[in-house]
1. Given Cα positions, please report Rg to Rh for the stretch 1-64, the hydrodynamic radius being the Kirkwood one.
2. Could you bin all the Cα-Cα distances of the stretch 217-265 into 5 Å bins starting at 0 and give me the percent of pairs in each, rounded to whole numbers?
3. Could you sort the peptides 103-109, 85-91 by per-residue average Cβ neighbour count (10 Å cutoff), highest mean leading?
4. Among 95, 56, which comes first, second and so on when ranked by fewest other beta-carbon atoms within 10 Å?
5. How big is the stretch 141-229 on each of its three principal axes, counting only the C-alpha atoms and giving the largest first in Å?
6. Give me Rg/Rg_expected for the stretch 276-332, where Rg uses Cα atoms only and Rg_expected = 2.2 N^0.38 Å with N residues.
7. From the alpha carbon gyration tensor of the stretch 118-270, can you work out the equivalent ellipsoid semi-axes (sqrt of 5 times each eigenvalue) and give them in Å, largest to smallest?
8. Could you please state, rounded to a whole Å, how far the C-alpha centre of the stretch 276-332 is from the C-alpha centre of the stretch 41-85?
Ligand code: NDP
Ligand code: PYC
């Protein structure tokens, strides 16, 4: 694989310029460039520059409004709604998360529902935003069917990610962010691009046979939920939280309404914030840190999020697949 080095500023500027060249206003372009740069910085490769061609397809087809201005409404003191009006998710999050953090800090618990958005990114930016403000963050979103529920060979669930972040004042949060599929589709597609196999149990081919060939899973096959029926139950919960609870589209409804341009469909996201200061009271930090230290002390254990947080400390250039970079530059 041929690669090219780009600084974080260059990744940010390239993404912003591509978005501006394809119909985004400055607010939408900046929000997206920020999320793509942070994904490359942390090593979330399947959700950084890799997604830019899909973002542009959605702008060019008119599915996404690059000039949308999300609208925030307080349904109650602790239930907040942001209607994205067809924007990419990062701008709607930038509008909603500060209000969510404030409400949870005041009341102890708050919920943010996002509708009319197009989510094509990782979810740790949402949950870490909350954890950086002393709050527990939980976020989830649905997509389009890619995953067969346990017992079936037919796809119904999206890859339906869920992220959880626990605040650790003075340190990076404990944060996991995972597809409820055995693997995110973006990682399956990257494995196919790079000629690698995926682990057994990742998915089935078009005839319903287990396969480790990512091209067969991505091209007509299905992904499996992680952990059998237990992961399937969590994927089901994500559909209900991200679509049932927000009033937005379930994955199958999103696919039916989508124009199949290859960009992210319209959907919803649910973000929940909880305040340990209000709920547990004084001493919560030391109490939880004692547990986390015990966990880290076990041989072979590392905290979820640690890999990304280590990558983040390196402010140097990032290695980008040259073919991908050429594709992105051609979108200018
Ligand atoms: P991974 O399976 O690579 O990782 C899932 C989580 O497990 C991460 O938090 C990771 O932390 C942690 N982890 C990995 N290995 C270990 C280990 N040995 N010990 C402890 N923790 C570990 O991610 P997925 O493939 O499931 O998802 C990738 C991304 O795709 C996510 O960011 C997700 O949000 C995104 N996605 C987005 C969708 C959307 O609709 N917008 C749909 C599906 C996925 P670390 O990062 O530190 O390795
Ligand atoms: O990697 O499965 C995935 C995915 C779907 C939407 C954004 N990422």
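1. Result for the stretch 1-64 is an Rg/Rh of 0.97.
2. Bin by bin from 0 Å, the calculated values are 5, 19, 17, 25, 22, 11, 1.
3. My ranking of the peptides, most packed first, is 85-91, 103-109.
4. In order of increasing Cβ crowding within 10 Å: 95, 56.
5. Here the spans come out as 51, 29, 20 Å, largest first.
6. Working it through for the stretch 276-332, the quotient is 1.94.
7. Equivalent ellipsoid of the stretch 118-270: 26, 18, 14 Å, largest first.
8. 22 Å
Each value in this text was obtained by applying a stated rule to the coordinates, not by laboratory testing. Owing to the predicted nature of the structure, the values given are computational and were not obtained by experimental measurement. We place every Cβ from the backbone using ideal geometry, glycine too, and count neighbours over all the protein chains shown.
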